[in-house]
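The values are calculated or read from the model by the stated rules, or taken from the named source; none is laboratory data. Remember, it's a predicted structure, so these values are computed and weren't measured experimentally. Counting neighbours? That spans all protein chains shown, and the Cβs are built from the backbone with ideal geometry, glycine included. Please note that ligands, DNA and RNA were not included when accessible areas were found on the heavy atoms of the full protein model with its side chains. Shrake-Rupley method; radii C 1.70, N 1.55, O 1.52, S 1.80 Å.
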Amino acid sequence: MLRSPIKHCRNCGTAVVYRVPDDGDTRERAVCPACDTIHYENPLNVVGTVPYWGERVLLCKRNIEPRRGKWTLPAGFMELGETTAQGAARETVEEAGAQFEMEGLLSLLSVPRVGQVHLFYRARLLSDRFEPGAETIEARLFAEDEVPWEEIAFRTVRETLVFYFDDRRRGCFDVHTLDVT
């Protein structure tokens, strides 16, 4: 995994040691030798939407790294105190400035290599006017045959778009899961 290890206790500041805790756990964890706090490292949730207007989907051209200039669905890290749907809605407003109605969960993708779980909801657009935020160069609607597939920023976005267009053709939306390894 690509994340930096925990170095100091969040409670008292003492340098942690990595070991299997004495509480019956079976994994090595960051443990504070001074106050015995066990620090768990868990995956981050990335939440977003597949905003659609008729037969077209809304994509955002990234104005930030990683993959600046590539196309993505509006998405980002979930914040504490919000549900996955609330986070997805917030990201859609921040990145696309879109007006929409949230619908059901479409995809749940585990990306263990980077310690993330990506969740995408369908979102029915209420307008075809957008006001992209600072993280977005351009927000634009694409029909399936217009999607710049070679310029999609992330595999999770590509897979989610494939799920969406396949389900739309079938006339029935499912929840799709995938482990991206």
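Counted over segment 34-162, the DSSP beta bridges are approximately 70% antiparallel. Of [x] 10, 33, 29, 15, 11, 3; [y] 10, 34, 32, 18, 6, 1, 0; [z] 11, 41, 36, 11, 1, which is the value of P(r) over Cα pairs in 10 Å bins from 0, in percent derived from the coordinates here? Looking at P(r) over Cα pairs in 10 Å bins from 0, in percent for this model, the match is [x]. Expressed as a whole percent, the accessible surface of the chain that belongs to carbon and sulfur atoms is 49, based on a 1.4 Å probe.
Against the chain, whose longest principal axis comes from its Cα atoms, helix 84-96 is set at around 60 degrees. Going 7 Å from the Cα of Arg129 in the Cα-to-Cβ direction, what parts of segment 75-105 have a backbone nitrogen less than 17 Å from that spot? Counting backbone N atoms under 17 Å from the label point, the list is 93, 96-101. Couplings 3J(HN,Hα) of segment 103-120, computed from phi: 10, x, 5, 10, 9, 9, 10, 8, 10, x, 4, 10, x, 9, 10, 9, 10, 10 Hz, in residue order, whole Hz [Karplus 6.51 cos²θ - 1.76 cosθ + 1.60, θ = phi - 60°; x for Gly and Pro].
Stretching the chain fully between Asp36 and Asn63 yields a gain of 5.4 nm (0.36 nm per residue, less the alpha carbon separation). Within the full protein context, the accessible area of Asp128 is estimated at about 80 Å² for a probe radius of 1.4 Å. Of the residues Ser107, Ser127, the one with the largest accessible area comes first in the ranking Ser127, Ser107, computed with a 1.4 Å probe on protein heavy atoms. For the chain, take the longest principal axis of its alpha carbons; what is the angle in degrees between that and the long axis of helix 155-170, to the nearest 10 within 0 to 90? The helix 155-170 is inclined about 40 degrees to the chain. Each label point was placed 7 Å from the Cα along the Cα-to-Cβ direction; for Glu103 and Phe77 their separation is 3.1 nm. Taking label positions 7 Å along the Cα-Cβ direction at both Cys12 and Leu44, the computed distance is 2.9 nm, reported to one decimal.
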